[in-house]
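Notes to accompany the following structure.
The values are calculated or read from the model by the stated rules, or taken from the named source; none is laboratory data. Keep in mind the model is a prediction, meaning the values are calculated, not measured. FYI the Cβ positions are ideal-geometry reconstructions off the backbone, even for glycines, and counts take in every protein chain you see.
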Amino acid sequence: MTCRWCAIDFAARADAAYCSVKCRVAAHRARPPAEMAAARRWLRHRAKIPITHDNRPAASTHQWSWCSYDKAAASQHGDGLGFALGDGFAAIDLDHCLVDGKLEAWAEPIVKAARGTYMEVSISGTGLHIFGFGRLARGVNRGGIEAYSGGRYMTVSLRRFRRAPLVLKDLQPLLDDIVREA
């Protein structure tokens with residue numbers, strides 16, 4: 001089994017979600033930034049496929065399938081939380097940028113440019129999600145860097161990276177740079 005909080009493998013009974021009391025407590029205390037928590041854009045996911053809080057198929061583009069953070073967080077369906085992007089909410093996904101918990105050199109300039117906004121370790125434990133505000137005409141996917149501001153959702157682990165603040169900042173300059181380099 002893999003701990004839902006620290007992503008390490010552990011042996012336990014079949015219904016265990018966390019490797020220790022410390023991880024269970026940390027997971028239950030974790031919260032998203034207030035701007036995200038207040039938005040009715042939350043989903044659940046099963047194997048990264050979006051579902052509603054009550055276990056029906058969902059979509060990142062169908063508002064009827066979204067709910068409040070509290071309702072999504074209280075649900076036991078699926079594997080975890082997801083957040084639908086749009087209405088000014090944007091995200092950058094850095095795949096495989098963490099090796100043994102250390103940031104790869106190629107990702108360092110992006111993380112530095114995003115300093116001051118909410119960043120979290122992905123559910124796999126090997127990537128980062130950077131959340132903030134911005135708009136893209138269309139999503140970007142180049143190698144291990146993805147950026148979206150609508151029509152997609154991101155899984156949410158709530159595992160802050162390097163004590164990232166629980167606030168969202170304007171990512172538009174960084175998004176523009178990513179588009180230019182794509």
Flagged pairs (Cβ under 9 angstrom, 6 or more apart or on separate chains; first in region 117-131, farther than 14 Å from ARG163 by Cα; second modelled with pLDDT under 95 and among the basic types (Lys, Arg)) are SER122/ARG159; ILE123/ARG4; ILE123/LYS48; ILE123/ARG159; GLY125/ARG159
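This table checks each residue for (1) of a type in the set (A, V, I, L, M); (2) at pLDDT below 95.
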| position | (1), (2) |
| --- | --- |
| ASP93 | no, no |
| TRP106 | no, no |
| GLY116 | no, no |
| GLY125 | no, yes |
| LEU168 | yes, no |
| PRO173 | no, no |
| GLU181 | no, yes |
Q) With respect to GLY151, is the statement that it is touching a Lys or Arg at 6+ places or on another chain (Cβ under 9 Å), part of a loop (DSSP other than H, G, I, E, B), assigned by TED's automatic domain parsing to the domain that holds PRO173 and over 18 Å from ARG31 (Cα atoms) true? A) yes
- Query: Would it be correct to say that LEU166 is of a type outside the set (Asp, Glu), assigned to a loop (DSSP other than H, G, I, E, B), more than 30 Å from CYS23 (Cβ to Cβ) and touching a helix residue (DSSP H, G or I) at 6+ places or on another chain (Cβ under 9 Å)?
  - Reply: no
Note: among LEU98, LEU103, LEU158, LEU168, just one is closer than 26 Å to ARG29 by Cα, touching a Cys at 6+ places or on another chain (Cβ under 9 Å) and of a type in the set (A, V, I, L, M, F, W, C), namely LEU103
Restricting region 13-49 to residues that are assigned to a strand (DSSP E or B) and in contact with a helix residue (DSSP H, G or I) (Cβ under 9 Å, 6 or more places away or on another chain), the one surrounded by the fewest Cβ atoms within 10 Å (Cβ to Cβ) turns out to be TRP42
Quick count over region 48-78, residues being more than 21 Å from HIS28 (Cα to Cα), touching a residue at least 24 places away in the same chain (Cβ under 8 Å) and out of contact with any strand residue (DSSP E or B) (no Cβ under 6 Å at 6 or more places or on another chain), is 1
